[in-house]
Amino acid sequence: MSTAIDSAVEARERAAKILQKNMHNNEPIAGFMIERSEEVPEFDADAYVLRHKASGARLLYLACDDENKAFAIAFKTPPSDSTGVFHILEHSVLCGSAKFPVKEPFVDLIKSSMQTFLNAMTYPDKTVYPVASTNEQDLLNLMDVYMDAVLNPAIYSKPAIFEQEGWHLEVDAPEGGSVSDEGSVLRYNGVVYNEMKGALSDPMSVLDGAVMAALFPDTAYAHESGGDPLHIPELTYEQFLDTHRRHYALSNSYITLYGDLNVERALKFLDEHYLCDRARERDAEARRLAAPVASLPGTAEHAGPNLLEQQAPVICEYNRQEMQTAPENAMVGLSYVLGGSGALDRKRVIGAGVMFDALFGSNEAPVKKAILAAGLGGNVVSGVQTAYLQPVASIILMNADSDVAHDLRRVVEQECARLVQEGIPRDRLEAVLSSSEFDLRQRDFGMADGVVVACEALNTWLYDDAAATSALQYGPIFAELRQELETSYFENLLKELVCESKHFALVELVPTEDAGSAASIAHELSERKSALDGEDLAALAARVEELRRIQETEDSPEARATLPRLHVSDIGAAPAEPPVTYDETSPLPCLMHDIPTHRLAYMKAYFDLSHLSFTELAYAVVLARLMKQLGTAERSAADLDTLITSELGFLSFSTTVLRQGDWRLARPILQVSAGALSEKLEALAEIPHEVWARTVFSDEGRIRDVLTQMKISMEQSFINAGHQAALLRAMSYVSPAAVATDQMEGVGFYRFLRELIEHFDERKAELIERLVDLQQRIFTSTDLVMSFTGSDEDYQRFWRVAGNLGLAPRTAAAKELMVPLPEPRHEAFIIPSDVCFAARATDPRALHIATDGTWQVASQALTFDYLWNEIRVKGGAYGCGFKTSVDRRIACYTYRDPAIDPSQERIDRAATWLSSFEPAPEEFEGLIVSCVAALDAPVKPYGLAARQDIEFLERRSASWRAEVRDQVLATTPERVRELAGDLDRALAAAPLCVFGGKEIIEASNLDLVPVDLFG
């Protein structure tokens, strides 16, 4: 730990030496004035707030010892309608620029850089373009491409970008006819158009939009920032360009730099290339010459960005939002605006988050418990949405009964009034604050820290230039809130926020069979077609053909040469990975990971399930999910919930299937994972043991609640991430291990769960009996492997407290796990959606195909060279990909795709494309660099230990990652082309599975068997 701290001090000193002197003397550095500096201990960083004198660009730099450096540029982009213009711009500016005139620089960077994060995001009031890399030169390259993309995009000279990423009309001729015939049909296509068709197939998104419109009817938040398919076609190309010109201005920008980097070099680069007077004049002249349309009357060239204004308090007693969706998707939303000074009142925002977590964060939280007890619906989710000028506390009732909206509000406000009067339980508030302390110390955000910093900072910075770091400095506020436990602060806040609210909305989402927006779009297209004659339709078809020609035209060598590139020589050696020690001298066999963890400790226990029968696997999943949700012999469920939250950072029970060498074998396991502050190490041993050994299964009502919540969660995932479900189901047609996985987390488990709920009353006694039996048979020391991550001192302390965790060898007779043989199917699962998700998958070992590191390179090329252009660019699907895992799987998928057959036809041609793969040397080197960078990407301590555990349990050799890395580095274009034959065999053997809307499935000519998944 001391080495890391010393390095952090050195990083701060380097930044201070460069910046503090200029700030003290009030001197600019690279055109930037340094306005102030502050410590941000939450990220072990020093923050510097700067402003570029000539351009007005704001900049925040966090100097810290993080090799995963980051850059972001953001713009304030509050929408004035629901055409999704800012979402379309987010996509479009990354489709080429003045300096980098290639079609897809974004894709080129993914497949050629050492990026650890590369994306862009549209929020309700801002658009953010963040990148991260462990290589400083690579970060500068990424900065260069992103800055030119947002400031000098090719959209001004290439209208086809708007058509491709936003929307355009297409005309389909009747079978055997021409587009001019009577039976021809118009339809909309475009990447964002199709993405939002999928996004707004999610009832949660529709409800959220309706609630925001009710809360903020007079502001930007009333509009769908992503775009509503009903309104996206209202956006014109001229409006699109005008919106970019008004909002993508440096005076409207927010730039973030993060990590251990040469900040002076970065600032000079930004100034010289993009911010100084000369650079801005050059860019403005280039845009003027590229887009004569920009000077047309009515484009408001002199106007500034859209305003972002506060909404005066409004009360929406009740709104009804109808949606064509399954009946079980009925929902009610109840939301309260926090008030006060909005996002800038950090104590109020964070305090409300802590309070709502205490009141709604689990089934035992008092207000959620009251809602469930009232029998109003299947589940309740809640939280504080902070990324708004006026943050909102939201409560959503899922799987709601009919006409319960007012009942929900009554229960919520009555229970809140009771808590104001009697006091919010201090143990629950204390528990949430303790859990927050763990999160502060862990700092595991699931992505590069610098990207999180860039986005989090905007939660205040966007609304006040003086608040650049306010959203990052939350440690002192948690300390204040701990002191407020001795006062009535939380009760007063609850009273103001809920009981006496003057700004709230109650909205009910009502499922209907009416086609709704789909019918409106169909009617609008029919009217458009009736206004077109044969010549118009032919011209429209010609325009689409021209768009296809543009999409299929390859970038010239000269254009490709403009992109900055790293070389294999820039990669360096593989990062050292801490060794894993398998300790058989401890009370239980244990994998020891001695990794710096900021004084945290992690424990995992891997219980073998291969002694269960196949039928019992689904019950084991239910058992795992019920752990923590029920009381134990010593504690009520409420007391246990509070204990876990206060003493542990997290505790989870989950199941998975290990993928081992023999493809015909399946080894399911139940894993228990927990984390704690080092000073609370005893809880890491004691609480998991109490839960797995002493849980009591007598609360039938709570068991039913948990099963219902599981079902709702799975249905949401089928709608929002159907490609994941399709990949698993497709794999289960060929792989015994995937058959077991499907039984535990896929369609097989969903059907088991649904049937169990439908017959709960007659099966509950048998269910409880099975759960008790499984509890006794699973939680034993037989075939158990433990894992511990933390210091050696904490490791020794853990075992002194844990002993053998109360575990004894299994005495019950083992049943032989007989997994049914895979069955070839061609299923198309009908879900309430306007798009589809499709996947094909197979196990290469069954075909005697060795998927070594060469396949990693081929996968990258197939995804971003072939499928991206064929399925996303031409076909309009939001996403697609080719996946390989070494000796485990070959698969491809499409995501939010408007149709099934065209994409599958293109996938069928993938092997032919690969057989003629002839990349330029620099492009191929980029593929190698990106694949190695993915293998070398930094991983947080807990994630690294979990990865090493699975590699050990799957019997991977200690050197396997290094071997794959060497194979990637040794790959040549010839070796990639040689894979075409194996790819052709794999695709021919890979069954197709689809999740999608009924109309899309019925329109397919493939041999698919429709299955109504929710019916």
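Table for the structure above
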item: Qualifying residue in the range 226-248 (condition: under 30 Å from the mean Cα position of the chain (by Cα), of a type in the set (Ser, Thr, Tyr) and outside the structural domain of residue 713 (by TED's automatic domain parsing)); result: yes
item: Residues satisfying the stated conditions in the range 692-709, i.e. buried (at least 22 other Cβ atoms within 10 Å of the Cβ) and either in the same structural domain as residue 397 (by TED's automatic domain parsing) or of a type outside the set (Val, Ile, Thr) (or both); result: 692
item: Enumeration of residues in the range 488-519 that are aliphatic (A, V, I, L, M) and within 17 Å of residue 317 (Cα to Cα); result: 497, 498, 505, 506, 507, 509, 510
item: Set 222, 199: member being under 28 Å from residue 336 (Cβ atoms) and free of Cβ contacts under 8 Å to residues at least 12 places away in the same chain; result: 222
item: Residue within the range 713-730 that is assigned by TED's automatic domain parsing to the domain that holds residue 659 and farther than 18 Å from residue 1013 by Cβ present; result: no
item: Those residues of the range 65-82 which are in a loop (DSSP other than H, G, I, E, B) and under 14 Å from residue 136 (Cα atoms), in sequence order; result: 65, 66, 67, 68
item: Criterion violated by residue 2 - all others in (1) closer than 30 Å to residue 212 by Cβ; (2) of a type in the set (Ser, Thr, Tyr); (3) at pLDDT below 95 satisfied; result: (1)
item: Residue in the range 594-605 that is of a type outside the set (Lys, Arg) and farther than 25 Å from residue 938 by Cβ present; result: yes
item: Selected residue (only one of 619, 582 is crowded, with 16+ Cβ neighbours inside 10 Å, of a type in the set (Phe, Trp, Tyr) and touching a Leu at 6+ places or on another chain (Cβ under 7 Å)); result: 619
item: Test: residue in the range 940-951 that is over 18 Å from residue 880 (Cβ atoms), in contact with a helix residue (DSSP H, G or I) (Cβ under 6 Å, 6 or more places away or on another chain), crowded, with 19+ Cβ neighbours inside 10 Å and not charged (D, E, K, R); result: no
item: Unique match (being closer than 30 Å to residue 326 by Cα, out of contact with any Lys or Arg (no Cβ under 7 Å at 6 or more places or on another chain) and either assigned by TED's automatic domain parsing to the domain that holds residue 475 or hydrophobic (A, V, I, L, M, F, W, C) (or both)) among 407, 427; result: 407
item: Residue match in the range 187-210 (condition: over 26 Å from the mean Cα position of the chain (by Cα) and at pLDDT 95 or above); result: no
item: Unique match (being at pLDDT 90 or above, buried (at least 18 other Cβ atoms within 10 Å of the Cβ) and in a strand (DSSP E or B)) among 55, 37; result: 37
item: Lone qualifier among 149, 173, 154, 213 - being surrounded by fewer than 21 Cβ atoms within 10 Å (Cβ to Cβ) and modelled with pLDDT of 95 or more; result: 213
item: Residues being surrounded by fewer than 22 Cβ atoms within 10 Å (Cβ to Cβ) and touching a Leu at 6+ places or on another chain (Cβ under 9 Å) - total across the range 673-682; result: 4
item: Flag if residue 719 is under 30 Å from residue 371 (Cα atoms), under 23 Å from the mean Cα position of the chain (by Cα), of a type in the set (Val, Ile, Thr) and surrounded by fewer than 20 Cβ atoms within 10 Å (Cβ to Cβ); result: no
item: Looking only at the range 763-821, and only at residues there that are outside any strand (DSSP E or B) and of a type in the set (Val, Ile, Thr), the one that is surrounded by the most Cβ atoms within 10 Å (Cβ to Cβ); result: 778
item: Tally, over the range 547-575, of residues that are surrounded by 12 or more Cβ atoms within 10 Å (Cβ to Cβ), assigned to a helix (DSSP H, G or I) and among the acidic types (Asp, Glu); result: 1
item: Condition check for residue 875: among the small types (Gly, Ala, Ser), surrounded by fewer than 24 Cβ atoms within 10 Å (Cβ to Cβ) and in contact with a strand residue (DSSP E or B) (Cβ under 6 Å, 6 or more places away or on another chain); result: no
item: Residue that is modelled with pLDDT of 90 or more and within 30 Å of residue 614 (Cβ to Cβ), where the choices are 844, 898, 832, 824; result: 844
item: Looking only at the range 735-758, and only at residues there that are closer than 11 Å to residue 711 by Cβ and touching a helix residue (DSSP H, G or I) at 6+ places or on another chain (Cβ under 8 Å), the one that is surrounded by the fewest Cβ atoms within 10 Å (Cβ to Cβ); result: 757
item: Filter result (in contact with a helix residue (DSSP H, G or I) (Cβ under 9 Å, 6 or more places away or on another chain), not β-branched (Val, Ile, Thr) and not in a helix (DSSP H, G or I)) within the range 395-440; result: 397, 398, 399, 400, 401, 423, 425
item: Residues that are surrounded by fewer than 22 Cβ atoms within 10 Å (Cβ to Cβ) and either charged (D, E, K, R) or in contact (Cβ under 8 Å) with a residue 24 or more places away in the chain (or both), drawn from the range 229-239; result: 230, 231, 233, 234, 235, 237, 238, 239
item: Matching helices (runs of 4 or more DSSP H) fully within the range 907-978 where at least 2 residues are over 27 Å from residue 562 (Cβ atoms) and hydrophobic (A, V, I, L, M, F, W, C); result: 910-915, 941-953, 960-969
item: Test: residue in the range 261-277 that is buried (at least 17 other Cβ atoms within 10 Å of the Cβ) and within 23 Å of residue 306 (Cβ to Cβ); result: no
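Yes/no matrix, rows are residues, columns are (1) assigned to a strand (DSSP E or B); (2) at pLDDT 95 or above; (3) crowded, with 19+ Cβ neighbours inside 10 Å:
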site	(1), (2), (3)
319	yes, yes, no
335	yes, yes, yes
351	no, yes, yes
354	no, yes, yes
358	no, yes, yes
363	no, no, yes
367	no, yes, yes
371	no, yes, yes
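The values are calculated or read from the model by the stated rules, or taken from the named source; none is laboratory data. Predicted model only: the values in this text are computed from it and were never measured. Virtual Cβ from ideal backbone geometry, glycine too; neighbours counted across all protein chains shown.
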